[in-house]
Every structure is written in C-alpha cells, then in structure tokens.
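Taking it in order: structure first as structure tokens, then the write-up.
The values are calculated or read from the model by the stated rules, or taken from the named source; none is laboratory data. Given the structure is predicted, the values throughout are model-derived calculations rather than measurements. Counting neighbours? That spans all protein chains shown, and the Cβs are built from the backbone with ideal geometry, glycine included. For the accessible areas, the whole protein counts, side chains as well, though only heavy atoms, and no ligand, DNA or RNA atoms are used. Shrake-Rupley method; radii C 1.70, N 1.55, O 1.52, S 1.80 Å.
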Amino acid sequence: MFGRKLGETLGKWHFWLLFAGFNLTFFPQHFLGLDGMPRRISTYQDESWETWNLVSTIGSWIMGIGILLFAVNAIRSRNAPRVGNDPWRADTLEWYTTSPPPPHNFDEVPYVTSARPLYDLRRMLREKRGVRGAL
C-alpha cells in the first residue's frame with residue numbers, strides 16, 4: 001500500500017491489540033443483546049449490564065490504541081527503503097504487476113492454470129535454465 005515495508009514488531013502489536021480490543025468490544029455486546037438489553041438506552045435495568053458495557057468500553061479503547069499503533073507504524077515507514085515489485089516472493093497474480101501497479105494491472109488477462117501461477121512460472125523458468133545448463 002505504501003511501497004515500503006512496515007515495522008514487523010509494531011505490526012504484531014497492532015494485530016494483537018486490534019484482535020483483543022475487537023473481541024472485548026463486541027462479544028459483551030452480543031451477550032448483552034442475548035440477555036435482553038435493548039439498544040440506545042440511557043439507564044441499565046440490570047446491574048450486570050453496566051459491568052459488561054464497561055468491559056466493552058475498555059475493549060474499544062484497546063482497539064483504538066491498536067489503530068494508533070498502525071498510524072505510528074505507517075508514519076515511521078516513510079524512512080524505510082522502498083520494496084521491489086514482489087518483496088515476499090508470493091505465488092498469486094497480484095504480485096505479478098509492478099509496484100505501484102499500472103491503471104489496469106494487465107493489458108491482457110493472463111492465462112492461469114493453477115491457484116499459484118507465479119510459483120508455476122518460477123518453476124518453469126528454473127526448469128528451462130536447468131535444461132540449458134545440461135546442454
């Protein structure tokens with residue numbers, strides 16, 4: 001997305017904070033709905049609802065911290081070196097184009113014979129090099 005690799009440690013923190021925050025935010029709301037709490041109320045009929053809503057609020061703050069960590073990671077990556085067209089040696093077609101991609105990605109629709117077309121292309125090129133080397 002940015003043409004640069006983001007920091008891996010901050011990325012892991014971002015993932016886990018967002019994961020935990022999302023689950024802490026929305027699972028209590030699910031169970032409160034099953035318990036009969038209506039939406040958009042100003043007072044709680046049941047005292048346990050207040051506790052679960054507090055847990056949900058804490059989860060939303062954790063999720064917000066995770067999103068802020070992503071923003072920090074994106075800002076810090078401005079100084080990182082640019083990556084090439086396929087920095088992860090991936091096997092799917094979205095990595096076959098240049099980075100940044102041209103407006104239409106491909107002038108012609110590529111012929112695909114498997115779920116991993118770039119792996120197949122690299123294997124075919126290795127085999128051709130091996131055959132030439134044997135001659």
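Can you give the FRET efficiency for residue 20 and residue 112, using 1/(1 + (r/R0)^6), R0 = 25 Å, r = Cβ-Cβ distance, to the nearest 0.05?
Calculated transfer efficiency: 0.05.
For the ranges 50-58, 110-118, what's the packing order if you count other beta-carbon atoms within 10 Å of each residue, average per peptide, and put the highest first?
50-58, 110-118
Compute, for the chain, the length of the dipole vector about the Cα centre, with Cβ point charges of +1 (Lys, Arg) and -1 (Asp, Glu) only. Units Debye, rounded to 20.
Its charge dipole is roughly 1000 debye.
If I compute Kirkwood radius over Cα pairs in Å from the structure I just sent, which labelled value in [x] 15.2; [y] 19.5; [z] 16.1 lines up?
[y]
Round to the nearest 10 and give me the degree value, 0 to 90, for the angle of helix 8-34's Cα axis relative to the longest principal axis of the chain.
Between helix and principal axis, roughly 40 degrees.
Would you calculate, for the chain, the mean residue ellipticity at 222 nm contributed by helices, counting each DSSP H stretch of 4 or more residues as -39,500 (n - 2.57) and dividing by all residues, to the nearest 500?
After summing the helix terms and dividing by the residues of the chain, the value is -19500 deg cm²/dmol.
Find which of 41, 117, 75 sits farthest along the positive direction of the dipole of the chain, computed with +1 on the beta-carbon of Lys and Arg, -1 on that of Asp and Glu, about the Cα centre.
Most positive-ward Cα: 117.
On a 0 to 90 degree scale, rounded to 10, what angle separates helix 117-134 from the longest Cα axis of the chain?
30 degrees
What residues qualify as long-range amide H neighbours of residue 4, i.e. H under 5 Å apart, gap of 5 or more or another chain, H built at 1.01 Å from N?
Amide H to amide H, under 5 Å and 5 or more residues apart or across chains, residue 4 pairs with 83.
Could you pull the accessible area for residue 96 with a 1.4 Å probe, rounded to 10 Å²?
120 Å²
To the nearest Å, what is the center-to-center distance of region 1-18 and region 44-112, using C-alpha atoms only?
Answer, in whole Å: 8.
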